[in-house]
Every structure is written in C-alpha cells, then in structure tokens.
Amino acid sequence: MPSLFFILLLLRLVFLPLYFFLSSMIKATNIHKSYGELRVLKGVDLEIRKGEIVSIVGKSGAGKSTLLHILGTLDRADQGEVVFDGVNVNALANNELAKFRNTRIGFVFQFHHLLPEFTALENVCIPAFINGTAEAVAQARAKELLDYLGLSERLTHKPTQLSGGEQQRVAVARALMNQPSVIFADEPTGNLDTASSQELHQLIFQLRKDFDQTFLIVTHNMELAAMSDRIVEMQDGLLKV
C-alpha cells in the first residue's frame, strides 16, 4: 500500500499546476470608458486566469481595443477596477504604472511598431534598457529570444530588411524581454499573409507551453480565436453573454 507521503506528493503534483492555471491573473470589474459623448465600454466584467489564452472578438467599434488598452494599463477606465496579479492598478500613480507596465506586460500590435533606425537586436533590448538592465545582460537575453524565435541570423538587420513575419517575431521577442506576466496582442495577424499568420498561431501556443505565458488577444481572425482556450465576444461596449 502506498505511504501517506507518496499519496500527498502525488496529490501535490496533480493539483498544484491546476491551482496555478485557475488562479486569477487579471480581474476587471464594471469597466466604463467614454470619449466625449461616445460611450465605448458600458460596464465590462472579465477575468483572465494564469496560463490562459483568451481571444476577444466582435465587430469594429465594439470596444475590443479600448478594453485591451485599459487592461494593459495603456489607458485608464472612467469607472471600475482592474486587479492585475493581485495589484490594483487603479491605485498606481502614473510613474508607478509605467514601471509596472514595462516589467509585467508585453505588447504585440498589428503593425509591429519597431523602431526603423535600430536593428532587430536593439529593438528587442529596448524594454530591458528602460528597466535599467545592463547592456551585456540585455543583449544576452535578446539573443536567446531571437534564437528561440528562429532569428539568430537576423540580429543586425533593421526592420526594413525583414519580412512581415520576421518583424512580428521580433516584436514578440521584444514583448517577452522583461519576462512579463501577460502578453496583450491587438490584431497580431492582421498585417500578415496566411503562412506567417499560421506560424504566429503556432508560436503563441508554443510560448504558453514553454513559458507558461498568458495571452489576451483581440482578433478578427476566427481561426486564431477558435484555437484559444476561451472566446469572449464584445457587442456595443459589453461582453455578449
């Protein structure tokens, strides 16, 4: 008969990963946002669990990107609360919020937003430099990420010398630079061809497997959305039930 110690160890191995997956990473409650007379978000509640890949879908103008920006601390809600990995971001001053964003959140956008005058390696290093990381340490980390993403031969190339898919992978490496808790992706495949889009889809799930990465994705790409753990649909500033 197995010993009590063996049984307890087995239970720990089985249930501890489940606990982390089910633990809340982001919890947004009653989020409202208006721009002048235009009410964009009308009381959104959303919870994202650690290690989860969630896609937000909906028609243009439904409020998807606005919600992503608020959850990603790029904008503040007019009303409501965002708790990010136990931290109430509403209570952070602007300088605290900027540091929190740089160290805890990674962003991937449709048009990459790479700085054209810098190489792939330099673009990836930028978040680390902002965080005060030593140049040698930052470059070593950036090289590891670019190698992981299959770009070890493109370190010294500038964005105009890279394909669209390669530029997006550089953007992904930059998003991973400071080992963020969550990556927010706003239409990450919107500017890519079919083959590059499929590569990025596979990469997202590989990152979850290899780094236990959490993703929140705004997308019109229903193939990507269908692969997610969960799809939430926005309609007229609210999550559709």
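Within region 84-103, being closer than 21 Å to Lys50 by Cβ and of a type in the set (Lys, Arg) holds for one residue alone: Arg101.
When region 88-121 is limited to residues that are of a type in the set (A, V, I, L, M) and farther than 29 Å from Gln168 by Cβ, the one that is surrounded by the most Cβ atoms within 10 Å (Cβ to Cβ) turns out to be Leu92.
If you go through region 182-196 and keep only what is surrounded by fewer than 18 Cβ atoms within 10 Å (Cβ to Cβ), touching a Gly at 6+ places or on another chain (Cβ under 9 Å) and in contact (Cβ under 8 Å) with a residue 40 or more places away in the chain, you end up with just Asn191.
The set of residues in region 63-97 that are assigned to a loop (DSSP other than H, G, I, E, B) and more than 16 Å from Ile183 (Cβ to Cβ) comprises Gly63, Asp75, Arg76, Ala77, Asp78, Gly86, Leu92, Ala93. Beta carbons closer than 8 Å, at least 6 apart along the sequence or on distinct chains, pair a first residue in region 85-107 that is touching a residue at least 40 places away in the same chain (Cβ under 8 Å) with a second that is among the basic types (Lys, Arg) for Asp85/Arg104; Gly106/Arg174. Summed over region 197-230, residues that are surrounded by fewer than 16 Cβ atoms within 10 Å (Cβ to Cβ), under 21 Å from Gly63 (Cα atoms) and not charged (D, E, K, R) total 3. Cβ-Cβ distances below 8 Å connect the following pairs, each with a first residue in region 130-142 that is at negative phi and in contact (Cβ under 8 Å) with a residue 40 or more places away in the chain, a second residue that is part of a loop (DSSP other than H, G, I, E, B) and surrounded by 13 or more Cβ atoms within 10 Å (Cβ to Cβ), and a separation of six or more residues or different chains: Asn131/Asn178. For region 114-124, the criterion of being assigned to a strand (DSSP E or B) and either modelled with pLDDT under 95 or more than 18 Å from Pro188 (Cα to Cα) (or both) is met by no residue. Of Ser60, Ser55, all but one fail to be modelled with pLDDT under 95 and not in a loop (DSSP other than H, G, I, E, B); the exception is Ser55.
Conditions (1) closer than 19 Å to Ser65 by Cβ; (2) in contact with a Ser or Thr (Cβ under 8 Å, 6 or more places away or on another chain), marked per residue:
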position	(1), (2)
Glu187	yes, yes
Leu192	yes, no
Glu199	no, no
Ile204	yes, no
Ile217	yes, yes
Ala226	no, no
Asp229	no, no
Lys240	yes, no
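The values are calculated or read from the model by the stated rules, or taken from the named source; none is laboratory data. If you're wondering where the values come from, they're calculated on a predicted model, not measured in any experiment. Virtual Cβ from ideal backbone geometry, glycine too; neighbours counted across all protein chains shown.
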